[in-house]
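Working notes, structure below.
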6 protein chains.
Amino acid sequence: MIFITRRERFNAAHRLFKTEYTDEQNMMVFGKCSNPNWHGHNYELFVTLKGEIDPETGFLVNLKALSKLIREKIIQKIDHKNINLEVDFMKDRMASTENLSIAVWEELVTPISQLGATLHCVKICESENNFVEYYG
Amino acid sequence: MIFITRRERFNAAHRLFKTEYTDEQNMMVFGKCSNPNWHGHNYELFVTLKGEIDPETGFLVNLKALSKLIREKIIQKIDHKNINLEVDFMKDRMASTENLSIAVWEELVTPISQLGATLHCVKICESENNFVEYYG
Amino acid sequence: MIFITRRERFNAAHRLFKTEYTDEQNMMVFGKCSNPNWHGHNYELFVTLKGEIDPETGFLVNLKALSKLIREKIIQKIDHKNINLEVDFMKDRMASTENLSIAVWEELVTPISQLGATLHCVKICESENNFVEYYG
Amino acid sequence: MIFITRRERFNAAHRLFKTEYTDEQNMMVFGKCSNPNWHGHNYELFVTLKGEIDPETGFLVNLKALSKLIREKIIQKIDHKNINLEVDFMKDRMASTENLSIAVWEELVTPISQLGATLHCVKICESENNFVEYYG
Amino acid sequence: MIFITRRERFNAAHRLFKTEYTDEQNMMVFGKCSNPNWHGHNYELFVTLKGEIDPETGFLVNLKALSKLIREKIIQKIDHKNINLEVDFMKDRMASTENLSIAVWEELVTPISQLGATLHCVKICESENNFVEYYG
Amino acid sequence: MIFITRRERFNAAHRLFKTEYTDEQNMMVFGKCSNPNWHGHNYELFVTLKGEIDPETGFLVNLKALSKLIREKIIQKIDHKNINLEVDFMKDRMASTENLSIAVWEELVTPISQLGATLHCVKICESENNFVEYYG
């Protein structure tokens with residue numbers, strides 16, 4: 001069993017808030033992250049796969065295929081986008097990094113299994129001080 | 001003559017566009033950076049000062065005073081904000097990193113001179129691949 | 001189950017030595033880390049929590065509350081301090097990164113459970129080449 | 001149980017290819033990584049050990065001894081070398097990062113046990129976007 | 001006058017040696033960097049431009065155009081290549097980072113002037129400990 | 001004219017204070033940096049040289065010789081030391097990063113000229129947020 005990780009990056013706007021709350025309530029619960037005019041981040045996404053090495057290639061999976069898959073399924077949909085308004089896999093979810101990690105997992109788990117490996121971890125870094133990991 | 005640099009960070013949303021353009025024209029000139037729903041970045045701001053060392057303290061300036069000044073004049077106004085809509089010193093300016101660097105310079109040059117040093121450079125990193133420097 | 005990590009930083013002096021040893025014996029066992037005049041590091045502390053996402057907020061825990069807790073319990077007691085002489089939770093312990101990781105765990109495990117999450121890992125980086133992880 | 005990690009670095013040339021394939025076939029399967037004239041990387045190697053803290057020293061293992069061991073067993077054999085042609089422990093293996101991680105594990109697992117700890121993980125970063133982990 | 005920098009990366013093999021020298025002489029002068037079987041690096045290339053901001057766009061130059069130009073003129077010719085054997089603009093030059101920086105400058109200075117800016121600096125990082133800068 | 005930079009690292013303890021001041025006065029002027037029990041840092045030292053490339057070697061200077069020189073003149077005297085008490089070239093100087101940069105310059109300027117290059121800049125990073133540059 002070997003583990004391989006690919007990093008991809010995206011820049012996006014988001015806002016933490018509940019529509020049931022007033023702006024004041026949102027500010028109380030979510031602080032400056034609830035700014036109605038949005039803010040944003042340079043997100044780093046680390047996708048870790050596990051499985052057996054293919055003796056023919058020495059690879060777990062072809063990293064170009066993995067990178068292409070992550071870009072198609074995730075990056076193209078979220079890069080330079082508004083996570084709350086424009087990202088289909090985040091519809092009706094609070095735009096927290098926790099929920100984003102789970103949503104990315106759900107988008108990737110099946111296509112990655114078709115590459116011949118198992119999705120092990122989705123890690124998203126929102127800043128140099130904060131990151132989230134999800135293992136399914 | 002000695003040079004000292006302080007890094008501060010902020011997260012903000014922005015959009016590159018001209019109101020005179022249609023969304024299609026903006027997309028043609030500014031690409032995905034013109035997304036009408038905004039996107040965002042973790043910006044890094046490096047402020048470099050130059051001057052003589054105070055023989056009493058061994059400092060060019062007190063870094064706590066410098067950090068406090070940058071936070072008051074810049075970070076509090078831009079962190080978790082929308083650069084196009086909410087940042088007074090970016091009003092009526094295209095929200096490019098180039099213009100942002102100049103605007104930050106203009107906000108800081110006088111208060112830094114009151115700390116007893118000269119502003120030498122404002123550097124803003126928009127991503128790990130892109131940064132701008134302005135020397136006045 | 002989701003995992004979230006917060007990084008905090010502190011700068012401190014320390015020394016590796018045993019009072020039962022002479023300076024020569026300490027030098028033999030601990031090398032330059034035993035310098036009687038101390039040396040120091042920029043430490044990075046990564047605190048990882050695990051638990052269920054609160055559906056109300058989309059958070060595992062509020063990161064501001066977590067940061068405040070780590071600063072109160074750890075950073076304020078150790079930042080710009082001498083680990084051997086001044087840090088209550090390191091009293092009577094060899095000031096190694098291994099022991100420091102365990103001591104930080106012991107300080108944090110109960111207050112973090114009161115935030116509604118479980119402490120999963122304390123990771124301390126002493127330099128870009130060395131780090132320690134403790135999982136309880 | 002505590003975990004300690006030491007980072008060491010090496011620069012090496014390599015090529016991904018199968019001698020049974022023509023250059024065209026190799027290009028199709030391995031892309032530009034199969035360039036017959038080689039390419040290279042700044043590799044980062046992270047070696048993680050686990051075990052009990054020695055109450056005498058506060059250490060899991062002496063990091064100087066660990067660093068010396070990694071340099072003797074791995075770095076001296078691979079740094080500024082051609083992985084395909086010159087590294088004994090990679091003989092007859094495809095020079096992928098996956099295989100390299102396993103080979104490094106096999107070189108280190110016994111000597112590390114003689115330091116009084118257990119090898120837990122070998123992690124090799126080939127670039128800032130790709131890394132492999134092997135846990136035995 | 002504003003300065004903007006774009007980072008691009010490439011992985012390549014090289015060797016420092018003089019054909020007039022024996023392998024022993026090369027080893028004496030260039031050390032392990034003269035290994036006849038090559039070694040390699042993850043190079044980072046920082047290209048800095050200076051000029052006036054276009055008031056229409058707020059840009060010095062369009063960074064996508066700059067990135068495309070650097071990739072066409074430099075990255076496609078050197079990434080996953082052998083610098084000594086395969087890179088036309090390094091023909092008959094010692095493959096040192098110093099010479100590489102000058103050669104990259106020479107390749108870029110004219111096309112960058114056609115973007116409407118002036119090439120200010122080529123910086124190449126060979127490792128986390130060594131880098132070269134050339135200002136023409 | 002080409003510029004080459006070598007990074008070296010050291011870990012040291014220090015304290016900012018004036019012997020003429022009481023501890024209370026020192027605390028008022030220097031804050032927690034004046035802690036009488038010391039604190040410390042992982043310092044990064046960047047030494048930049050300028051000069052002409054030697055056509056024989058393609059080098060400005062041999063980086064091994066430069067690294068050896070910096071280690072002999074600076075790192076061996078300051079690594080794992082107390083800057084206030086044990087570093088000869090900092091005797092009778094306030095242990096600020098500004099003064100340290102000038103002292104390192106003074107130690108290096110003559111021996112570097114004997115390598116056949118000119119010292120251009122000494123840069124010292126005290127933390128990820130603060131650094132000082134001195135150009136003589």
Exercise. Of the residues in segment E:70-98, how many are in contact (Cβ under 8 Å) with a residue 60 or more places away in the chain, open to solvent by less than 10 Å² (accessible area, probe 1.4 Å) and part of a helix (DSSP H, G or I)?
Worked result: 4
Exercise. Of the conditions (1) under 30 Å from A:ALA103 (Cβ atoms); (2) under 17 Å from the mean Cα position of the chain (by Cα), C:ASN11 fails just one. Which one is it?
Worked result: (1)
Problem set entry | Residues of segment F:99-136 classified as touching a residue at least 12 places away in the same chain (Cβ under 8 Å), among the acidic types (Asp, Glu) and closer than 30 Å to C:ARG9 by Cα, total | 2
For this session: Would you confirm whether any residue within segment D:44-59 is part of a helix (DSSP H, G or I), out of contact with any helix residue (DSSP H, G or I) (no Cβ under 6 Å at 6 or more places or on another chain) and surrounded by fewer than 18 Cβ atoms within 10 Å (Cβ to Cβ)?
Result: no
Problem set entry | Scope segment F:2-22; condition within 7 Å of another protein chain (Cβ to nearest Cβ) and surrounded by fewer than 20 Cβ atoms within 10 Å (Cβ to Cβ); matching residues | F:ARG6, F:ARG7
Problem set entry | Set D:ASN37, D:ASN26: member being within 14 Å of chain E (Cβ to nearest Cβ), more than 22 Å from the chain's Cα centre (by Cα) and not in a loop (DSSP other than H, G, I, E, B) | D:ASN26
Exercise. Has segment E:32-42 got at least one residue that is surrounded by fewer than 21 Cβ atoms within 10 Å (Cβ to Cβ) and farther than 23 Å from E:VAL132 by Cα?
Worked result: yes
For this session: Would you please name the residue that is farthest from F:ARG93 (Cα to Cα), looking only at residues in segment B:41-99 that are touching a strand residue (DSSP E or B) at 6+ places or on another chain (Cβ under 8 Å) and among the basic types (Lys, Arg)?
Result: B:LYS81
Problem set entry | Test for F:LYS32: is it charged (D, E, K, R), in a helix (DSSP H, G or I) and out of contact with any Pro (no Cβ under 7 Å at 6 or more places or on another chain) | yes
For this session: Return yes when F:GLU107 is under 26 Å from F:PHE17 (Cα atoms), among the charged types (D, E, K, R), open to solvent by 30 Å² or more (accessible area, probe 1.4 Å) and modelled with pLDDT of 95 or more and no when it is not.
Result: yes
Exercise. Just checking, which of E:SER101, E:SER67 is surrounded by 17 or more Cβ atoms within 10 Å (Cβ to Cβ), touching a Lys or Arg at 6+ places or on another chain (Cβ under 9 Å), within 14 Å of chain F (Cβ to nearest Cβ) and assigned to a helix (DSSP H, G or I)?
Worked result: E:SER101
Seminar exercise, completed: Residue set E:GLY58, E:GLY31, E:GLY51; condition within 14 Å of chain D (Cβ to nearest Cβ) and among the small types (Gly, Ala, Ser); output residue E:GLY31
For this session: Give me a count of the residues in segment C:40-58 that are closer than 17 Å to C:ILE4 by Cβ and within 24 Å of the chain's Cα centre (by Cα).
Result: 8
Seminar exercise, completed: Exactly one of F:ILE124, F:ILE112 is modelled with pLDDT of 95 or more, over 23 Å from F:PHE30 (Cα atoms) and crowded, with 17+ Cβ neighbours inside 10 Å, and that one is F:ILE112
Exercise. Is it true that A:ASN11 is farther than 18 Å from C:THR57 by Cα and modelled with pLDDT of 95 or more?
Worked result: yes
Seminar exercise, completed: By residue number, the members of segment C:118-135 that are more than 9 Å from every other protein chain (Cβ to nearest Cβ) and in contact with a helix residue (DSSP H, G or I) (Cβ under 8 Å, 6 or more places away or on another chain) are C:THR118, C:LEU119, C:VAL122, C:ILE124
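The values are calculated or read from the model by the stated rules, or taken from the named source; none is laboratory data. It should be emphasised that the depicted structure is a prediction, and the values quoted were computed from it without experimental measurement. Methodologically, a virtual Cβ is constructed for each residue, glycine included, from the backbone with ideal geometry; neighbour enumeration extends over all protein chains shown. Only protein heavy atoms, including side chains, enter the accessible area calculation; ligands, DNA and RNA are left aside. Shrake-Rupley method; radii C 1.70, N 1.55, O 1.52, S 1.80 Å.
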